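Colleague: First the structure, then my questions, so here it is.
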Amino acid sequence: MAAKIEIINMALGYLGAQPVSDVEEKTEQARQARLFYDATRDSVLRGFAWTFALKQWNCAAVKAAPAFKEFKYGCQMPVDCLRFLHAADPRVKCERAGKYIYSDENPVDIIGVSRIANEEDFDAVFTEVFALKLACQMSIVLSDDKGLRDRLRADYEAFVKTAQVKSALERPVQDYQY
């Protein structure tokens, strides 16, 4: 959808700041963008089960579950998994604790939110939400407007709620047995 520089410039636009032509330039705007970009992207991805970022992993046990867990196996959380959601098979119980996912299955297929670093793979709504959150993060340094951060945060939260509704409409209807 959008390139990294376009997302950064969207965020700077929300702040009323000058756009940058290169992320590596020696301006305060570019420095702040470099500082916050990756962590903010991962935070926004982790904050919601974005449909474009859902992924399935097959995880093999690397250790036995500790005594305080009711499971047999522990597999390492995949490096690119930002948020564990559930087992791919709804009949399989598993849970995350620290860097591990515990289950009685070995291996276990899990569903989670993946780190998406290629901006071309971003959903349009995610891009806008991400730019708002990035602007919010950079606002302390780049803006003298004390209320701007609160307004950006409110806009961000409203966009996330809109994304949740749209995402729910994209998912199949559950067939419940009564």
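Colleague: Considering only segment 11-49, state which residues are open to solvent by less than 70 Å² (accessible area, probe 1.4 Å), under 16 Å from residue 125 (Cα atoms) and over 12 Å from the mean Cα position of the chain (by Cα).
Modeller: Matches in segment 11-49: 11 only.
Colleague: Can you report the number of residues in segment 63-98 which are farther than 20 Å from residue 53 by Cβ, open to solvent by 70 Å² or more (accessible area, probe 1.4 Å) and in a loop (DSSP other than H, G, I, E, B)?
Modeller: 7
One line per residue, one yes/no per condition, for (1) in contact with a helix residue (DSSP H, G or I) (Cβ under 7 Å, 6 or more places away or on another chain); (2) in contact (Cβ under 8 Å) with a residue 40 or more places away in the chain:
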site	(1), (2)
27	no, no
34	no, no
42	no, yes
48	yes, yes
58	no, yes
68	no, no
75	no, no
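Colleague: Taking segment 1-10, which residues are among the hydrophobic types (A, V, I, L, M, F, W, C), assigned to a helix (DSSP H, G or I) and open to solvent by 40 Å² or more (accessible area, probe 1.4 Å)?
Modeller: Residues satisfying the conditions are 5, 10.
Colleague: Next question. Collect the residues in segment 23-53 that are touching a Leu at 6+ places or on another chain (Cβ under 8 Å) and not in a helix (DSSP H, G or I), keeping them in residue-number order.
Modeller: 49
Colleague: (1) closer than 15 Å to residue 53 by Cα; (2) over 14 Å from the mean Cα position of the chain (by Cα); (3) open to solvent by less than 20 Å² (accessible area, probe 1.4 Å): which one isn't true of residue 113, the others all being true?
Modeller: Condition (2) is where residue 113 drops out.
The values are calculated or read from the model by the stated rules, or taken from the named source; none is laboratory data. Fair warning: this is a prediction, and the values are worked out from it, not measured in the lab. All Cβ positions, even for glycine, are placed from backbone atoms using ideal geometry, and neighbour counts span all protein chains on display. Quick note on the areas: whole protein, heavy atoms, side chains included, nothing else; ligands and nucleic acids left out. Shrake-Rupley method; radii C 1.70, N 1.55, O 1.52, S 1.80 Å.
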